[in-house]
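Read-outs: derived from the displayed coordinates by stated rules, not from any lab. None of these values were measured; they are calculated from a predicted model. Cβ atoms come from the backbone with ideal geometry, glycine included; neighbour counts cover every protein chain shown.
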Amino acid sequence: MEKYARIDFRDQISKNKRKSFFLILSIFLVFILLGYALSMAFDPGYFFVIMAISIVFSISYTLISYYNSDKIAVLSAGAKKAERSQYKDYYNIVEGLTIASGLPMPQLYIMPSNQINAFASGRDPKHSVVCVTEGALAKLDRRELEGVLAHELGHVGNYDIRYMTLVAVMVGMIAIISELFLRSLWFKGGGSSDDNKAGWIFMLIGVVLAILAPIVVGLVQLSISRKHEYSADATAVKFTRYPQGLIGALKKIKQDYGLESREKKVSKAIAPLFFASPFKNLASTHPDINKRIAALERM
C-alpha cells in the first residue's frame, strides 16, 4: 500500500488555479477594505483623487513592464541569444515540446551561470522567451533538461506572466495608496471640536491597514508565485508524461545548493521567474524543493 495517494497532473493544475484565483480575490478585498476605511477617515472626494492618481500610475508602469517583460527579463539576467548551430539539442528539445503542447516556438536564450536554472517570460505564447543557464546544459541529462524546459513552457501556456501582472497592479496600488495616506497625516490638522469619534476611529483603522496591507498582500503575492510553480510542474508532466525527468533536475539543484559558487547575482525583481530561486535567502518565492519532488513522485 502506497504511503500517499497518487494525484493526477490535471487535478494539480486545476487545484492550483483555483487557489490562485482566491488569493487574487483576497488582494482585491484588501484593496476595497483599505479604500473604504481611508475614505471614511478623509473626505470621500479628496480620497477619490488619491485613488485615481495611484491607479493610473500603477497601471501605467505595470503595462510598460508587461509589454516589455521579455526584453526586461533577458537584459536583467545578462542573457544572450542562443544560436541554433551551437545549441542544436536545446532547440530540438524545445521544438519537440512545442509540438507536444501546441505552443508556438519561443525565442531561446543562454544565461552565463554555473548554476542549474532557467526562466520564461513574455506577455503571451506568441511573444515568449525561454532562457537556460550554461550550468543547466552542462549538468542535466536530456530527460532532465526536457523536464525543466517543459516547466518553463508550462508558465508560458498557463499565462502566468499575465496573472502575475494583474497581481502586481493590485499590490502596487495598495502600496501607493498606503504610502500616500501615511504621508498625508503630516499635513492633516488636529481636527475641530465638532469632529466625532467615528472619524478618529476610522483614522486609526486606516493607519493600521495602511501599515499592514502592503505586508499582507506581499505575502499573498509570494503564495501565488509558489502556486504557479506547482502548476508549471504539473503542466511539465502533462507535456512530457515523464515526471522522473523533472524530479532528477530538482534533485541536482538541491545538491547544487550546497555549493557556494552556485549563486549568481541577478535582479531580485526577476527572481520569481526562475525555475528555482537563484538566491539561497529568497526561497519564499518558490516552493520547497522537497515538496515539489514529493508532489511529482505522486503523479
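Looking at the range 96-121 only, could you name the residues that are over 18 Å from ALA232 (Cα atoms) and loosely packed, with under 13 Cβ neighbours inside 10 Å?
Scanning the range 96-121 gives a single hit, PRO112.
Considering only the range 70-85, state which residues are surrounded by fewer than 18 Cβ atoms within 10 Å (Cβ to Cβ) and part of a helix (DSSP H, G or I).
LYS71, ILE72, LEU75, SER76
Given (1) surrounded by 23 or more Cβ atoms within 10 Å (Cβ to Cβ); (2) touching a residue at least 40 places away in the same chain (Cβ under 8 Å), where does LYS139 come up short, assuming only one miss?
Unmet for LYS139, out of (1) surrounded by 23 or more Cβ atoms within 10 Å (Cβ to Cβ); (2) touching a residue at least 40 places away in the same chain (Cβ under 8 Å): (1).
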